[in-house]
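Take a look at the structure set out below.
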Amino acid sequence: MKQALQWNAFLAEGLGTFLFFFIGIGAGYSLVHETGGAVGLLVALAHGLALAVMVSAFGAVSGGHFNPAVTFGLWVAGKIDPIKGVIYVVVQLAAAYVAAALAFYAFSGRPDIDSVTAVPSLGDGVDVVKGIVIEAVITMVLLVAVFGTAVDKRAAKIGGLAIGLAVAAGILMAGTLTGAAINPARWFGPALFALDWDNAVVWIAGPLLGAGIVGAIYRFLILPEAEQEAAAA
């Protein structure tokens, strides 16, 4: 029975990642001809709402990571077995590629879609170092939401709402600067499909750095206090 539940977790992680990315990438394709600030808002909402739904739906099964950076942050905090974490990351990357390929297929045939790959890119004036810093900070916002609403035993359990809002906020802030992947898999799926590896370190190192910092802060400073309070209650 325990083995079946483990496979259920991997299945939930893959399905949730696929649905999350398909909606997010598809939103970008749907708005490819549009211009103006409303586009960023709509893409941010699409990602944020899709993630909120997936975390709420699958959080009880797999934890609702859907992001190698989240898995890494939880590993740093000692909240996931390393082997399970590695499998999660493999599943997330595979699901991201399938989502990118299927989204491209679903929208192919529309004018100019062939020139759009959904691979995050650096904006004007943003170099690799700035890109890493931006991705790290917006990923920290996401990880604070994860730990603060889903991991900390003192937190109000509000489903995936805060986590989805954290992603939406990150996209609104950094969408034009780095593409606001906030997630190595969100970059990897489209990048593998398009074979576009430009500035890859930004969307790998940035999110992992931000997640690692927050994971360490919670492991050594915040969660021990939460566990002591829970034991005393």
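The values are calculated or read from the model by the stated rules, or taken from the named source; none is laboratory data. All figures in this text were calculated on a predicted structure; none of them were measured in a lab. Note that each Cβ is placed from the backbone with ideal geometry, even for glycine, and that neighbours are counted across all protein chains shown.
A few remarks follow.
- Hits in region 187-229 - residues which are without any contact (Cβ under 8 Å) to a residue 12 or more places away in the chain and on the phi > 0 side of the Ramachandran plot: Leu195
Let's see how each residue does on (1) of a type in the set (A, V, I, L, M); (2) in contact with a helix residue (DSSP H, G or I) (Cβ under 8 Å, 6 or more places away or on another chain); (3) buried (at least 16 other Cβ atoms within 10 Å of the Cβ):
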| residue | (1), (2), (3) |
| --- | --- |
| Ser62 | no, yes, yes |
| His65 | no, yes, yes |
| Trp75 | no, yes, yes |
| Lys79 | no, yes, yes |
| Ile83 | yes, no, no |
| Val89 | yes, yes, yes |
| Tyr97 | no, yes, yes |
| Ala106 | yes, yes, no |
| Arg110 | no, yes, no |
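- Selection count, region 146-203, where residues are in contact with a Gly (Cβ under 6 Å, 6 or more places away or on another chain) and more than 20 Å from Gly24 (Cβ to Cβ): 1
- Filtered residue count, region 140-163, keeping only those that are among the small types (Gly, Ala, Ser) and within 21 Å of Leu208 (Cβ to Cβ): 3
Here's the yes/no breakdown for (1) at pLDDT 95 or above; (2) within 18 Å of Pro68 (Cα to Cα); (3) assigned to a loop (DSSP other than H, G, I, E, B); (4) under 13 Å from the mean Cα position of the chain (by Cα):
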| position | (1), (2), (3), (4) |
| --- | --- |
| Lys157 | no, no, yes, no |
| Pro207 | yes, yes, no, yes |
| Leu223 | no, no, no, no |
| Gln228 | no, no, no, no |
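Every residue, every condition in (1) over 24 Å from Glu227 (Cβ atoms); (2) crowded, with 24+ Cβ neighbours inside 10 Å; (3) touching a His at 6+ places or on another chain (Cβ under 7 Å), yes or no:
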{"position": "Asp127", "(1), (2), (3)": "yes, no, no"}
{"position": "Gly131", "(1), (2), (3)": "yes, yes, no"}
{"position": "Val144", "(1), (2), (3)": "no, no, no"}
{"position": "Asp152", "(1), (2), (3)": "no, no, no"}
{"position": "Lys157", "(1), (2), (3)": "no, no, no"}
{"position": "Ala162", "(1), (2), (3)": "no, no, no"}
{"position": "Val167", "(1), (2), (3)": "yes, yes, yes"}
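- Residue match in region 141-152 (condition: without any contact (Cβ under 8 Å) to a residue 24 or more places away in the chain and either outside any helix (DSSP H, G or I) or of a type in the set (S, T, N, Q) (or both)): yes
- When Pro184 is tested against (1) over 25 Å from Tyr105 (Cα atoms); (2) touching a residue at least 40 places away in the same chain (Cβ under 8 Å), exactly one condition is not met: (1).
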